[in-house]
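Written out below as structure tokens is the structure these notes cover.
Bear in mind these aren't lab numbers, they're just calculated from the coordinates by the rules spelled out. The structure displayed is predicted, hence computed values, not measured ones. Here Cβ is always computed from backbone atoms with ideal geometry, including for glycine, and neighbour counts include all displayed protein chains.
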């Protein structure tokens, strides 16, 4: 799995379909030059980080703690704490690290980014046509 290729495809997709909510998108690199994550700057001032590993781990993390104290994250880290969730190891952090439930996110990176950003758009009130009406929980 070529992680950089995944991030680059996601960036192109995001720039085409989510211009109303994504202000900027960049691949961030480790000090050794390895792509570490995709960073999406959201129009409401929050950040979405997308992480993939060569071993198949992933995370879609929307950081809103500085805005309203929330985080939202789909990931497949096999934490024993979430073993009782039906979709384990996949799970969804719904507003906080401790509030988790089943994750129905796809296993295809382009579908995943679309599903996650549609969720973001719904939460912040983006119109899908260039408008933004921030809705705080």
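Could you identify which residue out of 54, 22, 14 has the top mean-square fluctuation in a GNM of the chain using Cα springs shorter than 10 Å?
Maximum fluctuation in the GNM of the chain, among the listed residues, is at 54.
For a quick check: sort 12, 39 by the number of other beta carbons within 10 angstrom, fewest at the front.
12, 39
Rounded to the nearest 500, what is the chain's calculated 222 nm mean residue ellipticity when only DSSP H runs of at least 4 contribute -39500 (n - 2.57) each, over all residues?
The helix-only estimate for the chain comes to -8000 deg cm²/dmol at 222 nm.
Can you sort 38, 4 by how many other beta carbons sit within 10 Å, fewest first?
Listing 38, 4 from fewest to most nearby Cβ atoms yields 4, 38.
Based only on other Cβ atoms within 10 Å, what is the fewest-to-most ordering of 48, 120?
So the residues, fewest neighbours to most, are 120, 48.
Counting alpha carbon pairs within less than 8 Å and at least 6 residues apart, what relative contact order, in whole percent, applies to region 1-79?
Across region 1-79, relative contact order equals 19 percent.
If you average the sequence gap of Cα pairs under 8 Å that are 6 or more apart and divide by the length of the chain, what percent do you get for the contact order?
19 percent
Roughly what would the spin-label model give for residue 9 and residue 28, points 7 Å off Cα along C-beta, in nm?
Spacing of the two 7 Å Cα→Cβ label points: 2.3 nm.
For the pair residue 57/residue 107, report the inter-label distance in nm, with labels modelled 7 Å from Cα in the Cβ direction.
A separation of 1.9 nm, rounded to one decimal place.
Using the alpha carbons of region 3-124, what is the convex hull volume per residue in cubic angstrom, as a whole number?
110 Å³
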